[in-house]
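Please read the structure below before turning to the comments.
Derivation of every value follows stated rules applied to the coordinates shown; laboratory data play no part. Remember, it's a predicted structure, so these values are computed and weren't measured experimentally. Counting neighbours? That spans all protein chains shown, and the Cβs are built from the backbone with ideal geometry, glycine included.
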Amino acid sequence: MERIQYIAYNWTNKPDKFVTDLGTRLLGKFYNNPAYSKPPVTEEAFKESLQTLTTAIGQVSTRVLGAAKVRDRARADFEALLTSNADYAGATTPARPDLWESAGWELTKGETSPRPLSQPATNVRLVDGQAPLTLEASCDQQPGMYGYLWRVRPRDMPAEQLAKGFCYRTEISRLASVVIGGLDAEVAYCVQCAPWNDTAPLQWSAAVTRIVQ
């Protein structure tokens, strides 16, 4: 699975030159682009707003009275046009960073390397821990996982609580094993595991039960 890039919207924190360069790039690549035949902002309106902003930026450098406020207003207006066009581009060509880039948009630095989908844990095992009132849980390791979540509950938990997804404790570990402590003697606990790497909803394994000694 790939985590695609997105059109960047963090123009507010960028210098004026970045914004005007982006606008100039869009005039040359986004407008009259076959992939984007109906931009919500006309080319004429976009060009006029960009020119207004460019002029206002130039006046700031001359220290004209009130020039900074005029620049701020012109930039806010232009950023609103950028946002409208960006929303349109994302909806018209969803999940197509190649087309966004060819149209001149600034993209986020999203991860595009393949990442495997997490699967339910296999071969979940429970043994007595080395310390009293602990259990050691383990499962087969899955490549590409960030971590492993472990869900612990007493075997005799009431059915209505089970139906609501209640559990006694949730542990998380980087490795495919964990020590679960603070348990009660002579109580049977059920343990489930879900490998995780942020690519899909958690998928819990079948429950494995053991009585704490």
The chain, dipole about Cα centre (Lys/Arg Cβ +1, Asp/Glu Cβ -1), debye to the nearest 20:
420 debye
Taking the Cβ-Cβ separation of S37 and T199 as r and a Förster radius of 25 Å, what is the calculated FRET efficiency to the nearest 0.05?
0.15
Mean projected area (nm²) of the alpha-carbon convex hull when segment 16-115 is viewed from all directions
7.0 nm²
Calculated FRET value between R155 and F18, using beta carbons and R₀ = 45 Å, to 0.05
0.15
Jot down the radius of gyration and Dmax of segment 125-211, Cα atoms only, both in angstrom.
12.9, 38
For the chain, built as a Gaussian network whose Cα springs stay under 10 Å, the top-fluctuating residue of V187, V19, V178:
V187
Work out the charge dipole of the chain with +1 on the Cβ of Lys and Arg and -1 on the Cβ of Asp and Glu about the Cα centre, then indicate which of V178, Q5, Y88 is farthest towards its positive end.
Y88
Return the single residue from R174, R63, R73 with maximal mean-square fluctuation; model: Gaussian network over the chain, springs between Cα atoms under 10 Å.
R63
Computed ³J(HN,Hα) along segment 185-199: with the Karplus parameters 6.51/-1.76/1.60, θ = phi - 60°, integer Hz and x for glycine or proline, the list is 5, 6, 10, 7, 10, 9, 10, 10, 10, 9, x, 9, 8, 6, 10
Between A67 and D87, what length comes free when the chain is fully extended (0.36 nm per residue of separation minus the Cα-Cα distance, one decimal in nm)?
4.2 nm
Here the FRET efficiency for K109 versus T170, based on Cβ atoms and R0 = 25 Å and rounded to 0.05, is 0.20
List every residue whose amide H lies under 5 Å from the amide H of R169, counting only residues 5 or more places away in sequence or on a different chain, with H placed 1.01 Å from N in the peptide plane.
V152
